[in-house]
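Engineer: To start, I am sharing the structure in question, which I have written as structure tokens.
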Amino acid sequence: MQTTVTTRAAAELRADLLAVPLAQVDPKRWRVPARLAALDAALGGRLGEVIGAGDFRGKRGETLLLYGSNELPARRVLLVGLGAEAEIDLQGVREAAAAAIAAALARGAAQVALAVPALRRVRAPALAQALAEGAVLAGYRFDRYRSAGDDGKKRVAGLTLAFERAGDLRAARSAVAVGSVLAESQNVARDLSNEPPNALPPRALAQAAERIAAEVGLRCRVLDVTEMKKRRMGALLAVGGGSANPPQLIVLEHGAPKRGARVRRRPPICLVGKGVTFDSGGLSLKPTANMVKMKHDMSGGAAVIAALRACALLKLPQHVVGVVGAVENMPSGASYRPDDILTSMSGKTIEVGNTDAEGRLVLADALHFARTEYKPAVLIDIATLTGACSVALGTWAAAVLANQERIADAIRRAGDAAGERFWQLPLWPVHKEHMKSQVADVRQVAGRDGGTIVAAAFLWHFAGDDVPWAHLDIAPTADTERATAIQPAGATGFGVRTLVEFVRAQR
């Protein structure tokens, strides 16, 4: 979707659909604002009529379609509600842009224009970025496996954002570029997670990462089984041992100092993702209903790959490393078993209690690799780790747990800016102590109580105390069955924009 920025008046915009976002109004007191007077006149006064009659009140998510006239270059006019002005936030702005794109897609409208509202609580650059994000996210469809003639192939080709003041244009254009990169990167994560598991085993995920790295200028290396054995990654290798598709460790790097350079750089920010391309549960086999959608169990890894893509395209000054443990968890004669004791890369031994708690084993070695190989300033892992997180938080938020309060606070702030909600759960030394085993150094599982917390406590043994670390459990938010204007059913790409916002905030 090509997005342009202009200062033309709404009544002058040529489009198949013109979207006009409006804050909530009192029909009895509302008067047509000066910026929309020409539009109302071209519509024969219908804008004032429908609002005066109470047919449109501007509630958040409300829409009303009007058809144009011979005096109006736009064929259709869509009124989009933003809600009460005191409560308008950036997520509401994203949703307004998404509503416009959704309406255009439903009607085969290829060219969309949007009259950008002047909001007291939101500055023009933030407004432009949010509108671009909402539009790009709403235009996403995963349809590569559908027949060419399906309606799902419809696309919006162009979006014009019309601002009132020419002074807003320069900053708005820059913000649109940022918003487009962030949303397009989120769509990359959606694509990876939506791929069927037969098309995206671990090696194919590694190849996708290599291709993305080549496109945007990231360093990329992939460790195969031989290299992982040399590093004694016994936890990750055990999870992948039951599959005919061997595991891979994907490493992406943005902003690394050039080889031989004498300039000292700050330690990098390391992002670690769980990349279980399909999770059958292993020998602790899942019931059929729970095995459906397990292609999304690599959503954390997809988020890391997509976040590194965005960091490169935005040319962020920070040094960022992404590590993804890519495995397929399958049952076979070579599978690891409950009661096995594994030796991780860190040298710590792990008592296995459930082969369907495989993600934490993958992350144990990936975290230790990132911590020792790169000595990062900050370490963040992101994973669809526990069903317990969905029980605790529903589908409304992901969990953040951390070894330092300031890191959890920074993640929440980044999530708020990105429109991705995180809720902090406690992580105390008593939880870490609780994960000690009677027959090994640590135990993999510890019963049903506090499932999300004890999983994070297990990871804490490998993340350590010497590096600020946060664990993001995105199991509740990685995919959805409920389609909205901004989010079709399937993978969400949740976490990509939060990770990038977090990186951008680091100085």
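The values are calculated or read from the model by the stated rules, or taken from the named source; none is laboratory data. Bear in mind the structure is a predicted one, so any value in this text is a computation, not a measurement. Backbone-built Cβ (ideal geometry, glycine too); neighbour counts: all protein chains shown. Side chains are part of the model used for accessible areas, which takes the heavy atoms of the whole protein and leaves out ligands, DNA and RNA. Shrake-Rupley method; radii C 1.70, N 1.55, O 1.52, S 1.80 Å.
Engineer: Counting only DSSP beta bridges with both residues in region 35-160, tell me the antiparallel percent, nearest 5. Could you put the intermediate results ahead of the total?
Structural biologist: On the way: 5 of 8 bridges.
Taking every DSSP beta bridge within region 35-160, about 60 percent pair in antiparallel fashion.
Engineer: Region 71-167: D in µm²/s via Stokes-Einstein (Kirkwood Rh, Cα pairs, 10 °C, 1.306 mPa s)? Working shown, then result.
Structural biologist: Values: Rh = 14.5 Å.
Calculated translational D: 109 µm²/s.
Engineer: On a 0 to 90° scale, report how tilted helix 496-505 is relative to the longest principal axis of the chain, with both axes built from alpha carbons and the result rounded to the nearest 10.
Structural biologist: Its long axis makes an angle of about 90 degrees.
Engineer: So if I average 1/r over every pair of distinct C-alpha atoms in the chain and take the inverse, what Kirkwood radius in Å does that give?
Structural biologist: Working: mean 1/r = 0.0418 Å⁻¹.
For the chain, inverting the mean 1/r across all distinct Cα pairs yields 23.9 Å.
Engineer: Rounded to the nearest 5, what is the percent of antiparallel bridges among the DSSP beta bridges in the chain? Please list the in-between numbers first.
Structural biologist: Numbers: 27 of 70 bridges.
Antiparallel bridges make up about 40 percent of those DSSP assigns within the chain.
Engineer: Here's a follow-up. Arranged from highest to lowest average of other beta-carbon atoms within 10 Å per residue, in what order do the peptides 460-466, 428-434, 360-366 appear? Before the final figure, lay out each step's value.
Structural biologist: Numbers: 460-466: 18.3, 428-434: 13.6, 360-366: 29.6.
Most protected by this proxy first, the peptides run 360-366, 460-466, 428-434.
Engineer: Please report, largest first and rounded to whole Å, the three semi-axes of the ellipsoid equivalent to region 1-58, where each semi-axis is the square root of five times an eigenvalue of the C-alpha gyration tensor.
Structural biologist: Equivalent ellipsoid semi-axes, largest first: 23, 13, 10 Å.
Engineer: In whole Hz and in residue order, list the ³J(HN,Hα) couplings for region 294-307 that follow from phi through the Karplus curve 6.51 cos²θ - 1.76 cosθ + 1.60, θ = phi - 60°; x for Gly and Pro.
Structural biologist: Values per residue, Gly and Pro as x: 6, 5, 7, 6, 9, 4, x, x, 4, 5, 5, 4, 5, 5 Hz.
Engineer: Between 140, 103, 129, whose Cα lies farthest towards the positive end of the dipole of region 34-148 when Lys and Arg beta carbons carry +1 and Asp and Glu beta carbons carry -1, centred on the Cα centre?
Structural biologist: Farthest towards the positive end: 140.
Engineer: Still on this model: Return the aspartates and glutamates within reach of residue 436: Cα separation strictly under 14 angstrom, same-chain partners fewer than 8 residues apart disregarded; answer none if there are no such residues.
Structural biologist: Residue 436 reaches 351.
Engineer: Here is a follow-up. Debye calculation, C-alpha points only, no solvent: report log10 I(q)/I(0) for region 318-411 at q = 0.19, 0.26 Å⁻¹, in the same order as the q values.
Structural biologist: -1.14, -1.42
Engineer: Per residue, how much accessible area does region 359-496 have with a 1.4 Å probe, in Å²?
Structural biologist: Numbers: 5370 Å² over 138 residues.
The answer is 39 Å² per residue.
Engineer: Grab the beta carbon distance between residue 118 and residue 438, set R0 = 45 Å, and tell me the FRET efficiency rounded to 0.05. Present the calculation step by step, with values, prior to reporting the outcome.
Structural biologist: Working: r = 65 Å, r/R0 = 1.45.
Using R0 = 45 Å, I get an efficiency of 0.10.
Engineer: Hey, another quick one. State, to one decimal in nm, how far the label point of residue 259 lies from the label point of residue 26, with both points 7 Å from Cα in the Cβ direction.
Structural biologist: For residue 259 paired with residue 26, the spin-label model returns 7.0 nm.
Engineer: Net charge near residue 353: determine it from the other residues with C-beta under 15 Å of the C-beta of residue 353, scoring Lys and Arg +1 and Asp and Glu -1. Please list the in-between numbers first.
Structural biologist: Details: positive: 337, 360, 436, 443, 448; negative: 339, 340, 351, 356, 358, 441, 449.
In short, -2.
Engineer: Pop out the carbon and sulfur fraction of the accessible area of region 310-441 as a percent, whole number, probe 1.4 Å.
Structural biologist: On the way: 2880 of 5380 Å².
Here carbon and sulfur together make up 54 percent of the probe-accessible area.
Engineer: Something else about it: If you filter region 64-125 for GluC sites (Glu not before Pro), then keep DSSP loop positions with at most 12 other Cβ within 10 Å, what is left? Write down the numbers at each step before the final one.
Structural biologist: Values: sites: 71, 85, 87, 95; in loops: 71.
Those satisfying the criteria are 71.
Engineer: Can you pull a Stokes-Einstein diffusion coefficient for region 221-260 at 10 °C (1.306 mPa s), Rh from Kirkwood over Cα pairs, as a whole number of µm²/s?
Structural biologist: Details: Rh = 11.6 Å.
Translational diffusion coefficient: 137 µm²/s.
Engineer: Here's another thing I want to ask about it. Using alpha carbons only, how many degrees (0 to 90, rounded to 10) separate the axis of helix 124-138 from the longest principal axis of the chain?
Structural biologist: It is inclined by approximately 70 degrees.
Engineer: On a 0 to 90 degree scale, rounded to 10, what angle separates helix 405-418 from the longest Cα axis of the chain?
Structural biologist: For 405-418 against the chain, the angle is about 40 degrees.
Engineer: Now, a different point. Give, in whole angstrom and from largest to smallest, the semi-axes √(5λ) of the equivalent ellipsoid of region 193-278, with λ running over the eigenvalues of the Cα gyration tensor. Walk me through the numbers on the way to the answer.
Structural biologist: Working: eigenvalues 142, 58, 23 Å².
One finds semi-axes of 27, 17, 11 Å for region 193-278.
Engineer: Report, largest value first, the span of the C-alpha coordinates of region 410-507 along each principal axis, in whole Å.
Structural biologist: Sorted from largest, the Cα extents of region 410-507 read 51, 37, 17 Å.
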